[in-house]
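S.K.: Take this structure, written in structure tokens, and hold onto it; I'll ask about it next.
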Amino acid sequence: QVQLVESGGGLVQAGGSLRLSCVASGSAFSVYPMAWYCQAPGKQRELVARIQAGGSTNYADSVKGRFTISRDNAKNTVYLQMNSLKPADTAVFYCNRGGGLIVYWGQGTQVTVSS
């Protein structure tokens with residue numbers, strides 16, 4: 001059983017920064033793609049950024065140039081550095097592990113950006 005535990009959310013003013021972290025339990029972390037999704041009130045959950053096992057990344061258009069996803073395989077951790085935050089970024093952010101028979105999700109961490 002894999003557990004994903006997110007941290008780093010909070011309240012920040014527009015233009016500010018936050019760094020989210022997600023620690024994964026279990027083995028073989030390095031072979032799986034990891035991703036961050038977000039879900040705003042009344043909206044569907046959507047992909048924010050993904051990082052493949054080899055390190056390649058892709059981003060939603062809305063966050064390109066502002067957010068950076070990275071991973072530290074030695075720590076079983078994936079990060080999301082969020083800069084130049086906007087009120088529209090307000091959402092619950094979820095860590096995701098894909099690439100296997102089972103897709104795993106974290107419990108989510110709230111990010112609130114005030115104007």
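The values are calculated or read from the model by the stated rules, or taken from the named source; none is laboratory data. If you're wondering where the values come from, they're calculated on a predicted model, not measured in any experiment. Methodologically, a virtual Cβ is constructed for each residue, glycine included, from the backbone with ideal geometry; neighbour enumeration extends over all protein chains shown. SASA here: full protein model, heavy atoms, side chains in, ligands and nucleic acids out. Shrake-Rupley method; radii C 1.70, N 1.55, O 1.52, S 1.80 Å.
S.K.: Say a paramagnetic label sat at a point 7 Å from the Cα of V5, along Cα to Cβ; which residues of segment 71-103 have their backbone N under 15 Å from it?
M.R.: 75-78, 95
S.K.: Rolling a 1.4 angstrom probe over the protein chains, ignoring ligands and nucleic acids, what is the accessible area of D61 in square angstrom, nearest 10?
M.R.: 120 Å²
S.K.: Cα gyration tensor of segment 17-68, axes a ≥ b ≥ c as square roots of the eigenvalues: rounded (a/c below 1.5), prolate (a/b > b/c) or oblate?
M.R.: Prolate shape, in that a/c is at least 1.5 and a/b is the bigger ratio.
S.K.: On alpha-carbon atoms, Rg over Rh for the chain using Kirkwood Rh?
M.R.: 0.95
S.K.: State the percentage of accessible surface on the chain attributable to carbon and sulfur atoms; use a 1.4 Å probe and exclude ligands, DNA and RNA.
M.R.: 49 percent
S.K.: Lysines within cross-link reach of K64: Cα-Cα under 19 Å, excluding same-chain residues under 8 positions apart?
M.R.: The qualifying lysines are K86.
S.K.: Heavy-atom accessible area per residue, the chain, 1.4 Å probe: how many Å²?
M.R.: That works out to 52 Å² per residue.
S.K.: What does a probe at Q13 reach in segment 80-113, counting residues whose amide N is under 18 Å from the point 7 Å along Cα→Cβ?
M.R.: The answer is 83-90, 112-113.
S.K.: Separate question: Read phi for every residue in segment 89-102 and hand back ³J(HN,Hα) as whole Hz from Karplus 6.51 cos²θ - 1.76 cosθ + 1.60, θ = phi - 60°, with x for Gly and Pro.
M.R.: Result, ordered by residue: 7, 4, 5, 8, 9, 10, 8, 9, 10, x, x, x, 5, 10 Hz.
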